[in-house]
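Notes for the one structure printed next.
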Amino acid sequence: MHRTRSDRKATESTEEGVTQERLAQARVASLAAAEPLAAALRETLSEASGVREAVRQEQAVQAELGEVVCEVGRFQEQHQKWASAFNDLHTAIKEIGDFENWMKLA
């Protein structure tokens, strides 16, 4: 049986399409098969390198930093109150001294 040139091209085209489809299926299957291994490797590497512990520690530091910032704010408010009270006392003592000097002159 003698095949014509167009028959051979059609057959080659069909075979190429089947091959491409098989390659695509093999690619999908290999990626699906590799995913559990990749997940296990990620898990192992993150535990081994201490990534999880570092993240936990960073969160603890961030929480403590927030507490420190709040406490600094309270200290600033208290400082302002003390500075105001000191200035008021200083002004009152100065006025007493001014009054004493005025009485001596009078």
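Within the range 55-62, one or more residues are within 30 Å of Leu41 (Cα to Cα), under 31 Å from the mean Cα position of the chain (by Cα), modelled with pLDDT of 90 or more and of a type in the set (Asp, Glu).
Results for (1) open to solvent by 80 Å² or more (accessible area, probe 1.4 Å); (2) modelled with pLDDT under 90; (3) part of a helix (DSSP H, G or I), shown as yes or no for each residue.
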{"position": "Arg8", "(1), (2), (3)": "yes, yes, yes"}
{"position": "Thr11", "(1), (2), (3)": "no, yes, yes"}
{"position": "Glu15", "(1), (2), (3)": "yes, yes, yes"}
{"position": "Thr19", "(1), (2), (3)": "no, yes, yes"}
{"position": "Arg27", "(1), (2), (3)": "yes, no, yes"}
{"position": "Ala32", "(1), (2), (3)": "no, no, yes"}
{"position": "Pro36", "(1), (2), (3)": "yes, no, yes"}
{"position": "Ala39", "(1), (2), (3)": "no, yes, yes"}
{"position": "Glu47", "(1), (2), (3)": "yes, yes, yes"}
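The values are calculated or read from the model by the stated rules, or taken from the named source; none is laboratory data. As the structure is a prediction and not an experimental result, all values here were calculated from the model. Just the protein is used for accessible areas: all its heavy atoms, side chains included, with ligands, DNA and RNA removed. Shrake-Rupley method; radii C 1.70, N 1.55, O 1.52, S 1.80 Å.
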